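What follows is a short report on a single structure.
The values are calculated or read from the model by the stated rules, or taken from the named source; none is laboratory data. Small disclaimer: the values here were computed from a predicted structure and weren't measured. With ideal geometry, Cβ positions are generated from the backbone for all residues, glycine too; neighbour counts draw on all protein chains shown. Surface areas here come from the heavy atoms of the whole protein model, side chains and all, with no ligands, DNA or RNA. Shrake-Rupley method; radii C 1.70, N 1.55, O 1.52, S 1.80 Å.
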Amino acid sequence: MVSHGSWLTTVHHPLFTLTLFYFDPPYTLHSSTLLFILGQPHEDSVATSRAMMRAAKQAGIRINLLYTIYNRGGFEDEPLSERQARFRAPDFESVERVVDTLSQEPMVDGKSVAFGLAIHSVRAVPPAWLGPIGELTRSHGIMLHAHASEQKIEVDECWEKLGVSPIGLLEREGALSDNTTIVHGTWLDDADISMLSRTSAGVCLCPTTEGDLGDGVPRTSDLNDAGVRLSIGSDSHAVIDPFMELKMAEYQARAATQQRCVLIDQAGCVAPKLLDEIGHTNGYIALGLPGDGDLVLLDADARAMTNLNGTEGATVADMAMTAGHPGLVSGVRVGGVDVVVDGVHLER
């Protein structure tokens, strides 16, 4: 059995029939703004948030639940469809009430359970809200994620309607800072990358989603060269495989630059950069969570790891990044406590 840092935790929880690989980093759970039953708002507007927090605690993982803000159907205040309406935040005051409520939630300890805010998109949230949302997160010491510049059509429409890019809009309104993570960031220009670097905002790459939806290939190499903090996430959950997300991040960068070994550490090695920095340290930063005592154990006897003892200079990180997959995970510890042993969750 071999181990590497803490970059993977598994979840098996029958209540939600979920199987999530929670890669220290932004494999985050987004909740609805309102829970509706038969078209009526639930009396407890954070009922789903509490349910997800309870599920995470029962499963033994850390969670930062990002409460997602969704107000309108487009840049010109188009109404939401009937299907979308149940997710709507009617006004900014409702967002403030959610933050106040979750701040007082006993399960929220900032260590195993935290919460933050997420901007669904710049088209779904009025510009006038963006600055106050940023200030609200900073004043409460919570994280802010914003899905932005995922598709070219989104960027083009933002320029057409508002005369600025999605990243430029967030920066202009005061929503970019070191507690901000841009999810996707696929279509960025030089000015966008400069703004992200200057404000110390991070970017959460979602390689399998971009590939599945045909969104495009991000400027990963340029972001890395500019010192922008990179992490990975699944977004659409088309694929739940952190190994694949990290490999695809590197492969996309290689394809875009026509070079090999793009995301490297100071020694010129890819695996430590991907696992230790992008898949580990930056993920914790993006979620605002500690990782003390978190550990993933890999099956050293698995066929994918057989070259570990036969290849000169091969490391666990090298093998995990070239041949890694979720089936290699034999054990998981969170905060020093065993959650998965011999490939089986202890609560199953």
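Treating r as the C-beta distance of Ala256 and Arg172 and R0 as 22 Å, the FRET efficiency rounds to 0.20. The residues of the chain have, on average, 43 Å² of accessible surface per residue, using a 1.4 Å probe with all protein chains present.
Ordered from highest to lowest accessible area with the whole protein assembly present and a 1.4 Å probe, Ile153, Ile182, Ile264 read as Ile153, Ile264, Ile182. Ordering of 161-169, 244-252, 105-113, 142-150 by packing is 142-150, 244-252, 161-169, 105-113, highest average first (other Cβ atoms within 10 Å, averaged per residue). Accessible surface for Arg72 stands near 20 Å², nearest 10, in the context of the full protein assembly shown (1.4 Å probe).
Electrostatic tally near Asp265: other residues with Cβ closer than 10 Å to its Cβ, Lys and Arg +1, Asp and Glu -1, net -1. Ranked by solvent-accessible area (1.4 Å probe, protein heavy atoms only, all chains present), the residues Cys269, Cys158 order from largest to smallest as Cys269, Cys158.
Under the convention that each Lys and Arg Cβ holds +1 and each Asp and Glu Cβ holds -1, the size of the dipole of the chain around its Cα centre is about 480 debye. Taking the chain as the region of interest, the number of lysine pairs whose Cα atoms are within less than 28 Å, with members eight or more places apart or on different chains, is 5. Once you have a ≥ b ≥ c as the square roots of the Cα gyration tensor eigenvalues for the stretch 231-325, tell me rounded if a/c is under 1.5, and otherwise prolate or oblate according to whether a/b is larger than b/c. Rounded shape, in that the Cα axes give a/c under 1.5. Based on Cα contacts under 8 Å between residues 6+ apart, the chain shows a relative contact order of 20 percent. Length gained on full extension, Ser200 to Val239: 11.2 nm, using 0.36 nm per residue less the C-alpha separation.
Maximal additional length on extending the Thr315-Asp189 stretch stands at 41.7 nm, based on 0.36 nm per residue less the C-alpha distance. Given R0 = 51 Å, the distance between the Cβ atoms of Gln84 and Asp301 translates into a calculated FRET efficiency of 0.55. Zone of His325 (label point 7 Å along Cα→Cβ, backbone N under 16 Å): which residues in the stretch 267-304? The answer is 299-304, whose backbone nitrogens lie closer than 16 Å to the label point.
Just one of (i) 134; (ii) 186; (iii) 167 is volume of the Cα convex hull per residue in Å³ calculated from these coordinates, so which is it? Step by step, volume of the Cα convex hull per residue in Å³ for this structure corresponds to label (i).
Between Leu346 and Ser94, the FRET efficiency from the beta-carbon distance, with R0 = 41 Å, is close to 0.60.
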